[in-house]
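One structure below.
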Amino acid sequence: MTFLNNYYNYNSYSSPYYEDPLFFEPNSYTYDPYNYYQYPYSVNMPAFNPRHMSNQYGNQIQMTDYGPAPFSVNIEQATKQNTNFRTALWTGDHLQLTLMSINVGEDIGLENHPNLDQFIRIEQGQGLAMMGDSMDRMDFQANVEDDFIIIIPAGKWHNIINTGNIPLKLYSIYAPPQHPHGTVHMTKSDAEAAERMRMQ
């Protein structure tokens, strides 16, 4: 017990909590809770995949489907970096994460997913989200922009139109997955062609 008490006696070490109160302020540019040089005791750093740390330093994120392995990413950076109409970033058995970039004046396209719910978050741009029980009656409409989310219940017809003057960047979570593992559609036309082939 004495050993444990000594081990956890933080007062016997100089602590960054007192030396620099701003260092651990979440809104501070210098905030870094994983900077092990600042810890007052030794820490065993876990092993990690180098691909997962690249986004911490402003580098490009490798656009590939990381599923179904454990995964972590700066989702805002990944979403803004994506230039494809659709990129599957993670596909598992029960959930899928895709990134989308909708050009000015374009839309996602009228869709209906009978057996899955969908979550969308806007990271850049402005758009009009529409939903309804039928193709010709989209009675739910909302103007959306960065930081807005859209939740689409299974069976609802829906579409999102880019109404801004820059590409509309968003990420979408499907549960269960909607697209094959590794899906990349560079353009909306590519996505429509793939959908036609899938329906044949």
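Brief remarks on what is shown
- The peptide list 102-111, 165-174, put in order of mean Cβ contacts within 10 Å with the highest first, becomes 165-174, 102-111.
- All other residues whose Cβ lies under 11 angstrom from that of Pro180 are scored, Lys and Arg at +1 and Asp and Glu at -1, for a net of 0.
- Rough spin-label spacing in nm, given labels placed 7 Å along Cα→Cβ, for Arg137 and Phe119: 3.0 nm
- Under 5 Å, built H, 5+ apart or other chain: amide partners of His113: Gly155, Lys156
- Charge tally for Val144 (other residues, Cβ to Cβ under 13 Å; Lys, Arg +1; Asp, Glu -1): -3.
- The stretch 69-200: C-alpha gyration tensor shape, a/c 1.5 cut-off, then a/b vs b/c: rounded
- Pairwise centroid distance, computed over Cα atoms, of the stretch 66-118 with the stretch 139-166, Å: 14 Å
Read-outs: derived from the displayed coordinates by stated rules, not from any lab. These numbers come from a predicted model, not from an experiment. Methodologically, a virtual Cβ is constructed for each residue, glycine included, from the backbone with ideal geometry; neighbour enumeration extends over all protein chains shown.
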